[in-house]
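The values are calculated or read from the model by the stated rules, or taken from the named source; none is laboratory data. On a predicted model such as this, the values are computed, not experimentally measured, just so you know. No Cβ is skipped: glycine too gets one built from the backbone with ideal geometry, and neighbour counts run over all protein chains shown. When the accessible area is computed, the model is the full protein with side chains, heavy atoms only, and any ligands, DNA or RNA have been set aside. Shrake-Rupley method; radii C 1.70, N 1.55, O 1.52, S 1.80 Å.
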Amino acid sequence: MDKPPLRMFFDNLRFVFLISFMFCFSLLLLDYYVSVSDHGIEFILFHINGTNHAQRHTMSEPSNSSSIFNETARCPEKEIHANQNDVSAIPAAQGEVHTRNNVGVVADPPSRNLDSCSGKYIYVHDLARRFNDDLLKGCHSLMRWFDMCPYMTNLGLGPKVIEKPKEKILLKENWYATNQFSLEVIFHNTMKNYKCLTKDSSLASAIYVPYYAGLDVGQYLWGGFNVSTRDASPKELVKWLAQQPEWKRMWGRDHFIVGGRISWDFRRVTDTNDDWGTKLMLLPEAKNMSILLIESAGSQENEFPIPYPTYFHPTKEREIFQWQTKMRNVKR
């Protein structure tokens with residue numbers, strides 16, 4: 001007797017649901033197997049390939065010759081040499097090899113040590129001494145109004161501040177009488193200990209130009225010096241930089257200078273002797289460089305203001321927290 005049409009419809013519907021359920025369940029099982037295997041699908045293919053190879057090798061006559069097969073089609077350089085009894089290990093850099101039924105199975109390779117300085121390397125130009133060290137030797141004449149030599153001690157931090165025995169205003173260490181215009185010296189000495197310095201400029205993400213521009217111009221701001229004298233060092237510097245291979249790579253856009261004076265000291269617009277400062281920042285080459293200053297005019301994209309040096313130079317994070325706590329507890 002024929003089934004009613006409605007019943008036949010529901011029977012067909014149940015059959016479709018059953019087939020769909022079995023298909024989805026099979027996919028879940030396959031997904032689970034792939035996730036727990038050593039190399040997912042790659043592991044499955046390798047295991048099948050290795051098993052077939054071992055079977056063929058077992059059926060063949062014994063010999064001392066080595067058989068070679070590739071781990072995967074994507075990595076032909078990884079080869080495993082096998083004989084009847086063992087599997088010779090591949091180099092350690094490619095991972096450990098375990099024996100499984102005379103089939104070499106490569107486990108996950110150990111994680112490589114990434115370069116902690118990647119993207120942080122800095123190359124420092126080796127400038128002529130007249131642009132930095134010779135200025136420190138002439139520290140007595142760097143400022144017209146006072147002697148800068150004491151402030152150049154302790155790597156530019158200046159004389160150490162020592163409190164009287166009964167006073168307990170400051171912390172015991174890391175306080176120095178730092179001059180507000182000594183940033184260039186402090187920064188240069190800090191860079192000498194930077195952990196990611198490189199002598200290979202092709203690795204560098206930035207190139208530092210250790211020119212003490214602020215100390216240089218400071219000795220000529222008063223006393224009626226003409227513009228030729230004030231601009232001599234800046235022009236000589238950019239001329240030398242433009243001839244270096246490091247400059248030609250990006251035309252100076254990866255170079256930076258740290259200036260220890262305000263922006264207007266390097267922005268003389270005219271060439272009249274009565275005008276103030278040098279024209280360092282208006283030179284075409286300098287416009288390509290990043291310039292870090294204790295104050296910025298804010299009119300140029302390559303200017304970056306950074307704080308004035310202070311008397312407090314902590315060497316540990318806890319010293320900063322101690323000072324902050326001390327200041328919060330002080331009554332104004």
Whole-number Å³ per residue for the convex hull built on Cα positions in the stretch 177-326: 135
Pair F21, R328: separation of 7 Å Cα→Cβ label points (nm): 6.3
Rounded to the nearest 20 debye, dipole of the stretch 130-273 from Cβ charges on Lys, Arg, Asp, Glu: 220
Gain in span if fully extended, A297 to T198, counting 0.36 nm per residue against the direct Cα distance: 32.4 nm
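Just order 140-151, 4-15 by mean Cβ neighbour count inside 10 Å, highest at the front, would you?
Details: 140-151: 14.8, 4-15: 9.8.
By packing density, highest mean first, the sequence is 140-151, 4-15.
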R0 of 51 Å, Cβ-Cβ distance T270-K164: FRET efficiency to nearest 0.05: 0.50
Accessible-area value, M22, 1.4 Å probe, nucleic acids and ligands omitted, Å²: 100
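Can you tell me the order of 265-271, 219-225 when each peptide is scored by its average per-residue count of other Cβ atoms within 10 angstrom, highest first?
On the way: 265-271: 16.9, 219-225: 13.1.
The peptides rank, most packed first, as 265-271, 219-225.
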Other-chain or far-sequence residues with amide H under 5 Å of H255's (modelled H): I207, S290
Taking N as its residue count, the alpha carbon Rg of the stretch 205-248 over 2.2 N^0.38 Å: 1.39
Surface per residue (accessible, 1.4 Å probe) for the stretch 117-260, Å²: 53
Long-range HN-HN contacts of L293 with modeled amide H, under 5 Å: G259, F304, I306
Alpha-carbon centroid distance for the pair the stretch 204-238 / the stretch 114-165, whole angstrom: 15
Listed peptides 187-193, 257-263 by packing density, highest first (mean Cβ within 10 Å): 257-263, 187-193
Whichever lysines have a C-alpha closer than 29 Å to that of K326, once near sequence neighbours (fewer than 8 apart) are set aside: K160, K164, K166, K168, K172, K316
